[in-house]
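Asker: Pasting a structure here, questions to come.
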Amino acid sequence: MGGESHRIMPVSKEYPKLAAGPVGKQIHHIYQDRLRQFTDGGQYREQGLMPKITESRATGTDWVKLSVYSPPNLSRPTFKEATWNKFKPTHVGESFGPSWSTHWFKVQLTVPKYMREKERLEFHWDANNEGLIWTEKGDVVHGLTGGGERTEWILPKEFRDGKEHVFYIEMACNKMFGNAPDGDSIQPPDPNMTYQLHTADIVAINLKARALYYDFWEIGDAAREFPSDSWEKAQALQICNRIMDTFIAGDGSNESIAKCRKIASEYIGDVDTHKVYNGDKEAIVSGIGYCHIDTCWLWPFAETKRKVARSWSNQLDLMDRYPELRFCCTQAQQYKWLELYYPGVFDRVKKKVKEGTFQPIGGSWVEHDTNLPSGESLVRQFLYGQRYFESRFGQRCKTFWLPDTFGYSTQLPQVCRGAGMTRFLTQKLSWNNINNFPHTTFNWVSLDNSQVVCHMPPCETYTAEANFGDVKRSVSQHKSLDQDNTSLLVFGKGDGGGGPTWGHLEKLRRCRGMADKTGLVPRVKLGDSADDFFDRLEKKVEEGLELATWYGELYFELHRGTYTTQANNKRNNRNAEIMLRNIEYLATLATIKDNCGKKSSYKYPKKELDDMWESTLLCQFHDCLPGSSIEMCYKDSDEIYANVFKTGEKLISEALSELGFDDEPTANSKLAALNTLPWPRTEIVKLPPLANLPSYGLAHGSGAGIMDIRPLACPYSAHIASIKEIRKGVFELSNAQYKVGVSNGVITSLYDISAKREIIPKGKKANQLVIFDDKPLYWQAWDVELYHLESRQELRPSKSSISEDGPYRVSLDIETKISEKSWIKTTITLPAVVNNTPTYIEVRSDVEWHETMKFLKVEFPVDIVNTEASYETQFGIVKRPTHYNTSWDMAKFEVCCHKWADLSEHGYGVSILNDSKYGFATAGNIMRLSLLRAPKAPDGHADMGRHHFRYAIFPHSGPLSATTVQTALNFNNPLKIIGHKTTASLSPSLPGSRSLYAPYTTPSLLSSLRISSAPNLILDSIKRGEDDEDVSRGELPVRKEKSVICRLYDSMGGKSTGMLIWGGLPVKKVLKTNLLEDEIEDLSDKLVDLDGGNGSGRERGIKIEVRAFEIMTIRLVL
């Protein structure tokens, strides 16, 4: 259109009009691949950053003179013992061995003049094995890992004076993970390993170049791992390339390095001090240092003691250099070892605990297995652990910390709460090989509805290397972001010890700087403790946050073979637990005699009991009791248990003597049976082989204490047991309750006479031994995989013969050849029925086992239908599917049980009892008890040799009841035949035999403690109060009183009311306590008087109300 005016825009003079030349788009993967040239050890190493980190190096005898003392016989002498010996000259290049040996080096070091002004001087030592540096005066200063890890020690400033300085290095001939050959750490250790000392140098370090190395590492990770569509990734790549170009342009000079660091700061900010964490922006990832030291595993207990000193001394040093480090450490046992063997380091630990930088955590004696120990053992793990921490550091732990154990018992939340802990950390379920556990942060609920807040670090490791990816995964793998987005990052070398390194701390500073300066990476914070993290979580819950809940066991879908591996070790554990219970019961009664008018000098054996408990708890470590350690560890545990049993037998004998009995009856003894279980028992017992005694007698008693032994002829007549061979290879065993048909060595019929019911399905075979090929994917001692079931083979017995022919007990021996090297002899036994007491079909097994990667089990098909089977667990019952409907169901193809497993339907059921086994499976109507495995790693001889064990079939009318619980306890606590010191009137005797012990009224003291009116309530433990004035060892304040601790629980899962009765004991006060014996409630106003039911006259007790599966602890103050 006409008349318009056109505006003329000015032309910019700054923007070039003409192109200077072609500029291409960067090919990202090429520029990214280029980055490795700067820091790797390849063909461009000498042109890159790495040579600049080492400014100079002094090597050779002019500066480092070495001499060595090699102790004999794999001994581990103390500093004083070692340095007293004569040292002989040695040198770099010499080799030392064999495996597990120790070598002490005297190092005489002189710093060259040209190095004395350098900013940082370090001594580098590497023989590819572990070591510990001591001062000339005998102080521990630093641990060494070897193999390029933790090989440096910062030399003190006083070493720069030009004079010769002396220190010592204790070399251990093992790597961080023992002495496995060929790089596969779980293979049995090579006993003949040698280690060559290849580095013993003084090194000057360029700290700016080393800092640039970590700058470049973390920014390079951002360039590699940030999303490809993010500007942060592009920027990281540009920064890294600029750093390389600047370094090249400056020929790697210190000035160029300074410029490179300035470029790096554009992306990560100032990261040279702990002040990087002082920003006010919210951090959602909390970094906590941790050092997981397996108390034994691929190394013996003795080496762990040194690992503790190596690892923790390093952490003490790091805390001084990196104020942000908060380090947590578990296992009271390891603290005690440090206190005993390295008191100087222990004093430094105490100082850091007081300052809040070194945090005792976990509350337990060791990081124990939680599947296999008894309920009382779980309690004692915390009782001994918490008391140790309180006595040494003035504080108890609030967080149960157990990251590496192979599954978590359903009653742990209740036990934790009873031990003063409200939170729990683990991560092992991230190893599940079938299902992905759905939560990161949640409430874990036990059988009685107790709960703890649980956190599983989303980085899915307890040994994070503190890399960029670890921080990133702390959010990207977080499964509870919809409820709470915070998480813990647990970092530090672990399993074999070590803990955080200065490199970890440098990387985390840069991750935080990057989050603040650039973003995208989660913001991490150091300086808070693990308890601080949980405190914030609990505060959020208090303010209304609702966390997801998980009810019942945290079943680990891996390592199922650990319920069975190392069978004799598991047997020792069961026996030790039972022995300890019995000693505490007898010793408690022996020490309260004074209160019943009987004066004595007998003292409660607290020190000996503590030693026995600490030894038993030590062997419950999560690689010892499960069976996943090397052979050396089981030689150690055999010796430990032998000492436990030796001490225990002595204590039992002393307590019985104090109570008026002989532990070993003699020809002149009046016999009695000792029952330590608080309910009536009537049993046929085998008598000791003394002159004129019959083989069997009848033991009868109304409760715990001393039971009469009567001749079987009267007055409790026995219904005869009988056995006959119907035809060749076919036998029938019978008593008044059952008829048992055995054909070709297996049970083909089990008929319940009163129920008129056949228990074995037609055509099926019970007590059938079966063997499986057992080759898991990798973890031999740990795992058994689902596919092993497809290799099932029945073992065919070769011989059956009657070994005992009534009238009070009948037995059938069955011999089975497993292979050319292995065999099993089983004895099926049926007793006579006495007074209609329920009986069971008992099987005793003697096995000679020399197999390779085989799994021996025994099967019991039963005519029972249920989609769930019941298994005893600590203080309760866990129900598990008998079907494979879902992958969660199928994953439980092998589960843990304690003394019994049960399959019941309406009106009837069958329980399988055992005396030392833990692996079980119920598939449909087939109940299968796991007996023996034969893995070859990490112990090449695991389970080889002779085994003895017992199990039993216990049918029952009606549903699962407390009868199974009590019968299984009876089965595991055989009556003990003892002698009575007091002459008694003669009783009627069997023709041709001398008199047995005459019937008498059970002494009220021995039967005083019991529960009435509620058979489901189990009085599980009777002991003295830890801090009673006549018991205390002085670790904690003494109570000016005498008391008896009674621990009981509901075994069936229903709210119950019963009476805790203490007979004629002079109880002044009754208190309900927690598991640590702290008072919760005074129950003294609920005392009641009762008519004595055991001939003891008036009794007293208290009415108790117990929730379903509740654990209750009562203190009776005398």
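The values are calculated or read from the model by the stated rules, or taken from the named source; none is laboratory data. Predicted model, so just to flag it, every value in this text is computed and none were measured. Every residue, glycine among them, receives a Cβ derived from its backbone with ideal geometry; neighbour counts consider all protein chains shown. We work out accessible area using only protein heavy atoms, side chains counted, and drop any ligands, DNA or RNA first. Shrake-Rupley method; radii C 1.70, N 1.55, O 1.52, S 1.80 Å.
Asker: Run the helix sum for the chain: -39,500 (n - 2.57) per DSSP H stretch of 4+ residues, divided by residue count, reported at 222 nm to the nearest 500 deg cm²/dmol.
Answerer: -7500 deg cm²/dmol
Asker: Working only with C-alpha atoms, what are the Rg and Dmax values of segment 344-405, expressed in angstrom?
Answerer: My reading of the Cα-based Rg and Dmax gives 12.7, 37 Å.
Asker: While we're looking at this one, here's another question. In bins 10 Å wide, starting from 0, what share of all Cα pairs of segment 302-390 does each bin hold, as a percent?
Answerer: 17, 46, 28, 8, 1
Asker: Let me ask you something else. Determine the equivalent ellipsoid of segment 125-196 by diagonalising the alpha-carbon gyration tensor, then write out the semi-axes as square roots of 5 times the eigenvalues, largest first, rounded to whole Å.
Answerer: Taking √(5λ) for each eigenvalue gives 30, 11, 9 Å, largest first.
Asker: While we're here: Helix 231-249 sits at what angle to the longest principal axis of the chain, using alpha carbons and giving 0 to 90 degrees rounded to 10?
Answerer: Roughly 60 degrees, rounded to the nearest 10.
Asker: Using only the alpha-carbon atoms of segment 848-904, report the extent along each of the three principal axes, biggest first, to the nearest angstrom.
Answerer: 36, 28, 25
Asker: I've got another one for you. Greater than 18 Å separation of Cα atoms is the criterion. Which listed pairs, 275/507; 606/1023; 799/854; 603/650; 570/917; 472/517, meet it?
Answerer: 799/854
Asker: Under a Cβ-Cβ cut-off of 10 Å, what is the net charge of the residues other than residue 968 that fall near it, where Lys and Arg count +1 and Asp and Glu count -1?
Answerer: Once positives and negatives cancel, what remains is -2.
Asker: With no solvent and one point per C-alpha, what does the Debye sum give as log10 I(q)/I(0) for segment 491-587 at q = 0.11, 0.24 Å⁻¹?
Answerer: Calculated log10 I(q)/I(0) at the listed q: -0.79, -1.18.
Asker: Any chance you could tell me what percent of the C-alpha pair distances in segment 338-445 go past 21 Å?
Answerer: Across segment 338-445, Cα pairs with separations above 21 Å total 41 percent.
Asker: About the Cα centre of the chain, what is the dipole size in debye to 20, counting +1 per Lys and Arg Cβ and -1 per Asp and Glu Cβ, all else neutral?
Answerer: 920 debye
Asker: Please say if segment 428-574 is rounded, prolate or oblate, where rounded means a/c under 1.5 for a ≥ b ≥ c the square roots of the C-alpha gyration tensor eigenvalues, and otherwise the choice is prolate for a/b larger than b/c and oblate otherwise?
Answerer: Oblate shape, in that a/c is at least 1.5 and b/c is the bigger or equal ratio.
Asker: Mind checking Rg over Rh on segment 761-900, alpha carbons, Kirkwood formula for Rh? Mind dumping the intermediate values first?
Answerer: On the way: Rg = 17.8 Å, Rh = 17.9 Å.
Using only Cα positions, Rg/Rh for segment 761-900 is 1.00.
Asker: Starting from 0 in steps of 5 Å, tell me what percent of the Cα-Cα pairs of segment 203-321 lands in each bin.
Answerer: Result, from short to long distances: 2, 9, 14, 14, 15, 13, 11, 10, 7, 5, 1, 0 percent.
Asker: I need the peptides 628-635, 550-557, 350-357 ranked by packing, meaning the mean over residues of other C-beta atoms within 10 angstrom, with the highest value on top. Present the calculation step by step, with values, prior to reporting the outcome.
Answerer: Values: 628-635: 23.8, 550-557: 19.4, 350-357: 15.0.
Result, highest mean first: 628-635, 550-557, 350-357.
Asker: Find the relative contact order for segment 233-302 and round it to a whole percent, using C-alpha pairs within less than 8 Å whose residues are 6+ positions apart.
Answerer: Normalised by residue count, the contact order of segment 233-302 is 23 percent.
Asker: Next up: One-quarter of the Cα convex hull surface for segment 254-359, in nm²? Write down the numbers at each step before the final one.
Answerer: Numbers: hull surface 39.5 nm².
Here the figure is 9.9 nm², rounded to one decimal.
Asker: Could you estimate the translational diffusion coefficient of segment 1006-1068 from the Stokes-Einstein equation, with Rh from the Kirkwood formula over C-alpha pairs, at 25 °C and 0.890 mPa s, in whole µm²/s?
Answerer: Values: Rh = 13.4 Å.
Approximately 183 µm²/s, per Stokes-Einstein.
Asker: Give me the tail of P(r) for segment 924-967 as a percent: Cα-Cα pairs with distance above 12 Å.
Answerer: Summing the P(r) of segment 924-967 above 12 Å gives 76 percent of all pairs.
Asker: Which order do the peptides 817-825, 728-736, 1043-1051 take when ranked by the mean count of other beta-carbon atoms within 10 Å per residue, highest first?
Answerer: Numbers: 817-825: 15.6, 728-736: 17.7, 1043-1051: 24.1.
Result, highest mean first: 1043-1051, 728-736, 817-825.
Asker: Let me ask something additional. Just to confirm, what accessible area per residue do you get for the chain at 1.4 Å probe, in whole Å²?
Answerer: Numbers: 43370 Å² over 1118 residues.
Accessible area per residue, the chain: 39 Å².
Asker: When the Cα centres of segment 190-246 and segment 535-588 are compared, how far apart do they sit, in Å?
Answerer: Distance between centres, Cα-based: 42 Å.
Asker: Can you give the angle from 0 to 90° between the axis of helix 332-341 and the longest principal axis of the chain, with both taken from C-alpha atoms, to the nearest 10?
Answerer: Around 70 degrees separate the two axes.
Asker: Could you tell me how many cubic angstrom of Cα convex hull volume segment 537-583 has per residue?
Answerer: 162 Å³
Asker: Can you pull the semi-axes for segment 144-255, root of five times each eigenvalue of the Cα gyration tensor, sorted largest first, whole Å?
Answerer: Details: eigenvalues 283, 143, 22 Å².
Taking √(5λ) for each Cα gyration eigenvalue gives 38, 27, 11 Å.
Asker: If contacts are Cα pairs under 8 angstrom and at least 6 residues apart, what is the relative contact order of segment 683-802 in percent? Walk me through the intermediate numbers first.
Answerer: Numbers: 176 pairs, mean separation 15.5, N = 120.
Relative contact order here is 13 percent.
Asker: Treating each Cα of segment 659-758 as an identical point scatterer and ignoring solvent, apply the Debye formula and state log10 I(q)/I(0) at q = 0.10, 0.14, 0.24, 0.25 Å⁻¹.
Answerer: For the requested q values the scattering log ratios are -0.43, -0.74, -1.18, -1.23.
Asker: Right, next: Let me check the size of segment 56-161 from its C-alpha atoms; what are the radius of gyration and Dmax in Å?
Answerer: Cα only, segment 56-161: 14.3, 45 Å (Rg, Dmax).
Asker: Please list the equivalent ellipsoid semi-axes of the chain, computed as the square roots of five times the alpha-carbon gyration tensor eigenvalues, in descending order and whole angstrom.
Answerer: Ellipsoid half-lengths, sorted descending, are 62, 33, 30 Å.
Asker: If you build the convex hull over the alpha carbons only and average its shadow over all orientations, what do you get for segment 699-783? Give it in nm² to one decimal.
Answerer: That works out to 11.2 nm².
Asker: For segment 864-947, what is Rg from Cα atoms divided by 2.2 N^0.38 Å, rounded to two decimals?
Answerer: Cα-based Rg divided by the globular estimate yields 1.22.
Asker: Can you compute log10 of I(q)/I(0) for segment 696-855 with the Debye formula, treating each Cα as one identical point scatterer, at q = 0.09, 0.10, 0.11, 0.19 Å⁻¹?
Answerer: Taken in order of the listed q values, log10 I(q)/I(0) reads -0.41, -0.50, -0.58, -1.15.
Asker: When each pair of different Cα atoms in segment 193-273 is counted once in the 1/r mean, what is the Kirkwood radius in angstroms, to one decimal?
Answerer: Hydrodynamic radius (Kirkwood, Cα only) of segment 193-273 equals 14.2 Å.
Asker: Right, here's the next one. Express the C-alpha Rg of segment 1031-1108 as a ratio against the empirical globular expectation 2.2 N^0.38 Å, rounded to two decimals.
Answerer: 1.26
Asker: Continuing with this model, one more query. To two decimal places, what compactness ratio does segment 575-656 give when its Cα radius of gyration is scaled by 2.2 N^0.38 Å?
Answerer: Rounded to two decimals, the normalised Rg is 1.30.
Asker: Now for a different question. Taking the Cα centre of each part, how many Å lie between segment 449-499 and segment 1050-1118?
Answerer: Here the two parts' Cα centres lie 43 Å apart.
Asker: Ordered by packing density, taken as the mean number of other Cβ atoms within 10 Å over each peptide's residues, highest first, how do 491-501, 13-23 rank?
Answerer: On the way: 491-501: 25.2, 13-23: 5.9.
In descending order of packing, they fall as 491-501, 13-23.
Asker: Carbon and sulfur atoms: what percent of the 1.4 Å accessible area of the chain do they account for?
Answerer: Result for the chain: 49 percent of the exposed heavy-atom area is carbon or sulfur.
Asker: Got the relative contact order for the chain handy, in percent, Cα pairs under 8 Å and 6 or more residues apart?
Answerer: Here the relative contact order equals 9 percent.
Asker: Round to the nearest 10 and give me the degree value, 0 to 90, for the angle of helix 631-658's Cα axis relative to the longest principal axis of the chain.
Answerer: The angle comes out at about 40 degrees.
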